[in-house]
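Q: Here it is, the structure, as structure tokens.
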Amino acid sequence: GYGPISSDQSWSSSNLKLGDAVYAVIHHFQLQPPSISQIVDENLRRRQQGLPGTANNKQTATKTSNRPNATSSSNGTHGGNGAVVQATAIDKKEKACKVDEDELSSLIPRVPTSFPEIEEMSLSQLNDLVNNKEALDTFINNISVVANLNELKESIETSNVDTATANLALEEKVKSICMEVETLKQDLKSNVETYQQLDARRAAMTRPPEIHEALQELTVAKKKALNESDEFADDWVESGGSDVSAFVKQFMETRVLHHTRAAKAERLKMAM
């Protein structure tokens, strides 16, 4: 770092060059950005305090700190933990934003400590150069450092143009993919709705029936089996059936089904 320089004499005696000082300051803040900034300009500070939530927050914080509270110790503990977490997050952000010094030097050329082209010129040549803006611009553009910066600038601009051109070339493809994705989203939504309906039907079909519903169905089925057996017997008698063994077999099957359903219904009544 540099010590404070408060006068022209201090600047002259420091043997510093403005380019080196400016580069060192910029280099320092790029590698070590400050996490807390303090506004020293009075007008800017008043404007900052006038923003919504700034002055009010300070007054609220002052009132809160002056108000006695029985749980202040526990709140202080939680506040301390929050401050530690916030500080840790800030440190991580600062480390992520830091740039390696070699990488920074390769991207931003150092400010030269001397300009041989100017040092070799006479005073009259310097005066002519200063008084002739066109000649001064030409001279500056011909300096190697400025030429390198212009070359770097043109390289970045060319790279940006190439990237933008490549992005524009992919615009139609991206639009097509977006339309395809939108169609797939609609299909997925429709399929999900169909699945939900089918799943609801499956749940209704596979869920155990309620006892009163099962009893109702057994009662209806029991009566149906009884009626079928009676109708079968009446039909057989009226038709003058001769095969008794076949009649008895079919009649007993229907009546056994009737009695089975009746027994199940009775057991369900006992379970209610």
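Q: When you scan the stretch 130-154, how many residues do you find that are farther than 20 Å from V111 by Cβ and hydroxyl-bearing (S, T, Y)? Let's see the steps before the verdict.
A: First pass over the stretch 130-154, keeping only residues farther than 20 Å from V111 by Cβ: 130-135, 138, 154.
From what is left, the residues that are hydroxyl-bearing (S, T, Y) are 138.
Looking only at that region, the number is 1.
Q: Here are some residues: N167, N131. Which one is modelled with pLDDT of 85 or more and under 30 Å from T113 (Cβ atoms)? Write out each step before concluding.
A: Numbers: N167 fails: under 30 Å from T113 (Cβ atoms).
Unique residue meeting the criteria: N131.
Q: Do you know which residues across the stretch 1-41 are more than 23 Å from V145 (Cβ to Cβ) and at pLDDT 70 or above?
A: I5, S6, S7, D8, Q9, S10, W11, S12, S13, S14, Q32, P33 - these are the residues of the stretch 1-41 that are more than 23 Å from V145 (Cβ to Cβ) and at pLDDT 70 or above.
The values are calculated or read from the model by the stated rules, or taken from the named source; none is laboratory data. As the structure is a prediction and not an experimental result, all values here were calculated from the model. Using ideal geometry, Cβ is built from the backbone for each residue, glycine included, and neighbour counts are taken over all protein chains shown.
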